[in-house]
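One structure is given below, encoded as structure tokens.
The values are calculated or read from the model by the stated rules, or taken from the named source; none is laboratory data. Quantities reported herein were computed from a predicted structural model and do not represent experimental measurements. A quick note on method: Cβ atoms are made from the backbone with ideal geometry, for glycine too, and the neighbour counts reach across all protein chains shown. Note: accessible area is taken over every heavy atom of the protein model, side chains too, but ligands, DNA and RNA are not part of it. Shrake-Rupley method; radii C 1.70, N 1.55, O 1.52, S 1.80 Å.
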Amino acid sequence: MTRQTPSERLIARLDLVHRAFSAQARKLWTGPEARLVYPVYLSMMHGVVRSAVPLMQAAQRAARALGPDDPLGVELDAYFAHHIPEETGHDVWLLEDLAATGHDPAAALAQVPPPAVAEMVGAQYYWIAHVHPVALLGHIAAIEAYHPPEGFARRLEELTGWPRSAFRAIARHEVLDVHHRRDLIDLIDRLPLRPEHEKVMALSGLHTVDAGMTILETIHARAVRPMAAE
């Protein structure tokens, strides 16, 4: 029997819970309230996406603090140095798409994100600072290894009736995350990982999926609230 690689072990663990996440995501787009859901989705996901670069910067600092003689730290430093520019500005894309739906991006910037967003992101800071910066790779895998399928933005456009200009972020990620997923898997499989490193990556990724499900539930609840009040 062929032995699994570290990335295969990580993805296999994430697959076990991601089925439930996918089912929760489908609920957002199968009801009559999908048009109402989408602006709420953009606003709340902005709270998650704007953390991507600061999280990687924190992990990069922690990796560099391990010193030039730590091969795992050196590899992580190089990965984040390459990936940070790739992720820069993606939060702005969401605000631009939100504006295309006629909603005010300033309101998204002014809101206090729900606890699930803070839980998802805050746990990463803890593991980076107090365990190992390699933990962040689990979080990134939970997001980028399950990228939007090709044509998803077009389907949402048809489903919601919002203009095509409101789906540019999703359309871009249909392409970009294919490459990001491959780069991440290649990195994980060449890292000098110990069992404790794989454990914290898996814990990080599983936590992200779990918190993500709560975020989706919150998005749906906030979107349908105006309908319930009618």
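Assuming a ≥ b ≥ c are the square roots of the Cα gyration tensor eigenvalues, decide whether the stretch 56-130 counts as rounded (a/c under 1.5), prolate (otherwise, with a/b larger than b/c) or oblate.
Taking the square roots of the gyration eigenvalues as a ≥ b ≥ c, the stretch 56-130 is oblate.
Can you give me the % of accessible surface on the stretch 110-191 that is carbon or sulfur? Probe 1.4 Å, all protein chains present, nothing else counted. Intermediate values should be presented prior to the final figure.
Working: 2260 of 3900 Å².
Result for the stretch 110-191: 58 percent of the exposed heavy-atom area is carbon or sulfur.
What does the charge dipole of the chain about its Cα centre add up to, to the nearest 20 debye, if the Cβ of each Lys and Arg holds +1 and the Cβ of each Asp and Glu holds -1?
I would put it at about 400 debye.
Which sequence of 154, 222, 26 reflects their accessible areas, 1.4 Å probe, from the largest down?
26, 154, 222
Roughly how many percent of the accessible protein surface of the stretch 1-45 is carbon and sulfur, given a 1.4 Å probe and a whole-percent answer?
Carbon and sulfur together cover 58 percent of it.
Quick check for me: using +1 on Lys/Arg Cβ and -1 on Asp/Glu Cβ, what's the dipole size of the stretch 122-188 about its Cα centre, in debye to the nearest 20?
Using Cβ point charges on Lys, Arg, Asp and Glu, the stretch 122-188 gives about 160 debye.
Using the basic label-point model (7 angstrom from Cα toward the beta carbon), what is the residue 221 to residue 179 distance in nanometres?
It works out to 3.9 nm between the two label points.
Report the label-to-label distance for residue 107 and residue 23 in nanometres (one decimal), using points 7 Å from each Cα along the Cα→Cβ vector.
The answer from the label model is 3.3 nm.
Give me the distance in nm between label points sitting 7 Å out from Cα along the Cα-to-Cβ direction at residue 15 and residue 214, one decimal.
2.8
Rounded to the nearest 0.05, what FRET efficiency do residue 190 and residue 168 have when you use their Cβ-Cβ distance and R0 = 25 Å? Don't skip to the answer; put the middle values down first.
Values: r = 33 Å, r/R0 = 1.33.
Efficiency at R0 = 25 Å is approximately 0.15.
With the other protein chains left in place, how much accessible area per residue, in square angstrom, belongs to the chain at a 1.4 angstrom probe?
50
Rounded if a/c is under 1.5, else prolate if a/b is larger than b/c, else oblate: which is the stretch 100-198, with a ≥ b ≥ c the root eigenvalues of its Cα gyration tensor?
oblate
Rounded, prolate or oblate: pick one for the stretch 1-104, where a ≥ b ≥ c are the square roots of the eigenvalues of its C-alpha gyration tensor, a/c under 1.5 means rounded, and failing that, prolate if a/b is larger than b/c, else oblate.
The shape class here is oblate.
Averaging sequence separations of C-alpha pairs under 8 Å and six or more residues apart, then dividing by the length of the stretch 118-230, give the relative contact order as a whole percent.
Once normalised by length, the contact order is 39 percent.
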